[in-house]
Amino acid sequence: MTVQPIRVFGDPVLRTPADEVVDFDKELRTLVADLAETMLDAPGQGLAAPQIGVGLRVFTYHVHESMSGHLINPVLHFPDDEEQDGPEGCLSIPGLTFDCRRRANVVAHGQNMFGDPVTVEGTAMLARCIQHEVDHLDGVLFVDRLDDETRKAAMRAIRDAPWADRANPTIKVSPHGSPK
Ligand code: NI
């Protein structure tokens with residue numbers, strides 16, 4: 001298990017829809033372990049594979065000791081129309097939280113790392129976390145879900161954030177220098 005660098009806002013991988021997992025192999029189990037370790041190290045309540053640069057439909061969550069785990073190829077169902085308002089943040093948008101409206105209750109169907117079917121039912125924070133992480137798998141970030149005014153404030157704060165210059169990986173200089 002290895003703590004992986006977390007990609008930040010501006011990295012194209014965060015805007016790329018992730019692929020379904022088809023191989024439930026050792027590599028997948030390593031990915032789940034890396035996600036869990038990176039999430040707990042951060043620390044955060046959830047982490048999706050694209051956030052560590054892997055375009056697969058996998059996320060881990062840790063909302064509470066009794067509400068933690070991972071989910072692969074999740075499909076969301078909403079049992080009712082109830083909504084919740086509350087602060088939300090993201091390890092890929094570090095240090096910033098904004099009020100974000102979400103559904104209050106969610107049922108997520110998916111698989112575990114061995115390919116067995118799994119259902120996770122969430123309310124309150126767990127419901128928010130699951131919706132946030134599934135969004136990541138679709139290339140959606142929570143700032144996309146904010147009302148217009150809050151989103152404008154969020155975009156200004158992101159532009160001014162101390163990590164904003166980490167956001168464009170294409171300007172990285174090779175440590176080996178350019179070949180002559
Ligand atoms: Ni996030």
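The values are calculated or read from the model by the stated rules, or taken from the named source; none is laboratory data. These figures come from a predicted structure and were not determined experimentally. With ideal geometry, Cβ positions are generated from the backbone for all residues, glycine too; neighbour counts draw on all protein chains shown.
The listed residues are 89, 53, and the only one of them that is surrounded by fewer than 18 Cβ atoms within 10 Å (Cβ to Cβ), in contact with a helix residue (DSSP H, G or I) (Cβ under 7 Å, 6 or more places away or on another chain), closer than 22 Å to residue 165 by Cβ and at pLDDT 95 or above turns out to be 53.
Cβ separations smaller than 7 Å between residues 6+ apart or across chains give the following pairs from the stretch 138-157 residues that are charged (D, E, K, R) to residues that are surrounded by 13 or more Cβ atoms within 10 Å (Cβ to Cβ) and part of a helix (DSSP H, G or I): 151/143.
Highlighted here are the strands (runs of 3 or more DSSP E) found entirely within the stretch 18-93 that include at least 3 residues which are within 15 Å of the ligand (Cβ to nearest atom) and within 12 Å of residue 136 (Cβ to Cβ): 46-48, 58-64. Across the stretch 93-137, which residue is nearest to the chain's Cα centre (by Cα) among those that are without any contact (Cβ under 8 Å) to a residue 24 or more places away in the chain and within 24 Å of residue 13 (Cα to Cα)? In this case the residue turns out to be 135. Taken as a whole, the condition of being in contact with a Phe, Trp or Tyr (Cβ under 9 Å, 6 or more places away or on another chain), under 26 Å from residue 163 (Cβ atoms) and without any contact (Cβ under 8 Å) to a residue 60 or more places away in the chain applies to residue 39.
Here is a yes/no grid of residues against (1) modelled with pLDDT under 95; (2) farther than 16 Å from residue 72 by Cβ; (3) not in a helix (DSSP H, G or I):
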site	(1), (2), (3)
106	no, yes, yes
110	no, no, yes
113	no, no, yes
118	no, no, yes
140	no, yes, yes
151	no, yes, no
157	no, yes, no
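Among the residues of the stretch 4-21, just one is under 16 Å from residue 70 (Cα atoms) and free of Cβ contacts under 8 Å to residues at least 60 places away in the same chain, namely 20. From the list 3, 32, the one residue that fits, being surrounded by 16 or more Cβ atoms within 10 Å (Cβ to Cβ), modelled with pLDDT of 95 or more and among the β-branched types (Val, Ile, Thr), is 32. Here residue 170 meets the list (1) surrounded by fewer than 16 Cβ atoms within 10 Å (Cβ to Cβ); (2) over 19 Å from residue 31 (Cα atoms); (3) modelled with pLDDT of 95 or more almost entirely, failing just condition (3).
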